Amino acid sequence: MSRAPALWQRVPAPVVDLVLVSVAAVDVWLNMWDHTRLGLALAALGCAALAFRRRFPLGVFLLTLPIALMQDVAVAVLVALFTVAERSRNRRLLAGCVALSALAGSIPWTLTEYDRTMTLVIFVYNLATAAAPVLFGQLLQAQRDLARRLVEIEEAREHEQVLHAQAVLARERAQLAREMHDVVSHQVSLIAVRAGALQVATQDADAKEAARTIRSLSVNTLDELRTMVTLLRASGGRATELTPQPTLADLHKLVESSGTQAELSGELPPAVGTPAQRALYRTVQEALTNVRKHAPGATARVELWQDGDDVGVTVTNTPPTRPSLSLPGSQQGLVGLRERADILHGSLEAGPTAEGGYRVRLRIPLSTD
């Protein structure tokens, strides 16, 4: 659920910049002690530069430094420091900017009658003053990062709930398929056998015709039951879903829209059946989802392959480039994939790689159908 932005966030950026330039100019006019032409020009340049602080934060900060030589605490310098801290993740750069600002503010005091101790105190005071906007900028940056991660967590949770529901439905349908195959099909087969025996043994024409009809209907029913069992085993979508199930032709779109930097390679023969294609698709889908959730910044490689009479897919990702948050999970994704592979007489392997990444590998017989 999205939150409405705060009131200050709804103010247009040009208006904010205009206000900051005006406040900095008033601050300079009231507090600076160097009213020479050069001093006024440098002060005007530093204040006007604040209008471009979003595009050139470091350059604007350097242009505001001369103002620190002309007054004790300069609003323009503090605003420029805040902008650099808000947009940079380089801690060394930020520490250098703080030290540079404190040094610029302390230089005028070295030219007065104050002793070294007093000058050092003034430097420490300026250092603390310069550190305040930097800390606030870093805090705002961390808040934005956290907000983005919370959105990613919510999307991942919703996606995982959908996958979990599909996995549960697939297991229920697989169980129903086994019941139909083991019980119903067996009984219908007995009916067909008994009807065939009666058709051969009886001498009555009407009984022979009735037995032939029963046997023919039983055979047709068995064919329909086999088709239904195949559909139930291959199905993993919603019960009311009438749209076509995903196939290998949809893999390119899945990889491109996965939210992860991934590449697809390899091809499979046209003889791969529909249930196997769906299993391959679901495996890639679950593996890329796990990469996005548990390995932020990692890249992934999806490889389709054929090994003799078996076909399969291998999804391998590199180690994450940034720490991941602990996400709630049902731990049913890979379990559902293994059950799907078992139904198709295949196998699924999943585990970490020696390089610190993760690999998921599905193998299915080519003659699954």
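In segment 35-53, the condition of being modelled with pLDDT of 80 or more, surrounded by 21 or more Cβ atoms within 10 Å (Cβ to Cβ) and not in a helix (DSSP H, G or I) is met by at least one residue. Does residue 43 fit the bill of being over 38 Å from the mean Cα position of the chain (by Cα) and in contact (Cβ under 8 Å) with a residue 24 or more places away in the chain? Yes; evaluated as a whole, the condition is true for this residue.
Residue by residue, here is whether (1) modelled with pLDDT of 85 or more; (2) closer than 30 Å to residue 283 by Cα; (3) surrounded by 16 or more Cβ atoms within 10 Å (Cβ to Cβ) holds:
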residue	(1), (2), (3)
144	yes, no, no
172	no, yes, no
178	no, yes, no
190	no, no, no
211	no, no, yes
220	no, no, no
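Within the set of pairs 6 or more residues apart or between chains, which connect a residue that is loosely packed, with under 13 Cβ neighbours inside 10 Å inside segment 10-25 to a residue that is modelled with pLDDT of 85 or more and in a loop (DSSP other than H, G, I, E, B) with Cβ atoms less than 8 Å apart? If the second residue must be modelled with pLDDT of 85 or more and in a loop (DSSP other than H, G, I, E, B), the pairs left are 13/54.
Here's the yes/no breakdown for (1) free of Cβ contacts under 8 Å to residues at least 60 places away in the same chain; (2) farther than 20 Å from residue 142 by Cβ; (3) touching a helix residue (DSSP H, G or I) at 6+ places or on another chain (Cβ under 8 Å); (4) of a type outside the set (Phe, Trp, Tyr):
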residue: 48; (1), (2), (3), (4): yes, yes, yes, yes
residue: 61; (1), (2), (3), (4): yes, yes, yes, no
residue: 67; (1), (2), (3), (4): yes, yes, yes, yes
residue: 90; (1), (2), (3), (4): yes, no, no, yes
residue: 94; (1), (2), (3), (4): yes, no, yes, yes
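Under the condition of being more than 22 Å from residue 94 (Cβ to Cβ) and part of a helix (DSSP H, G or I), the residues counted in segment 115-131 number 6.
Scanning segment 232-253 for residues that are modelled with pLDDT under 85 and not in a loop (DSSP other than H, G, I, E, B) turns up 232, 233, 234.
The values are calculated or read from the model by the stated rules, or taken from the named source; none is laboratory data. Note that this is a predicted model, so its numbers are computed, not measured. Here Cβ is always computed from backbone atoms with ideal geometry, including for glycine, and neighbour counts include all displayed protein chains.
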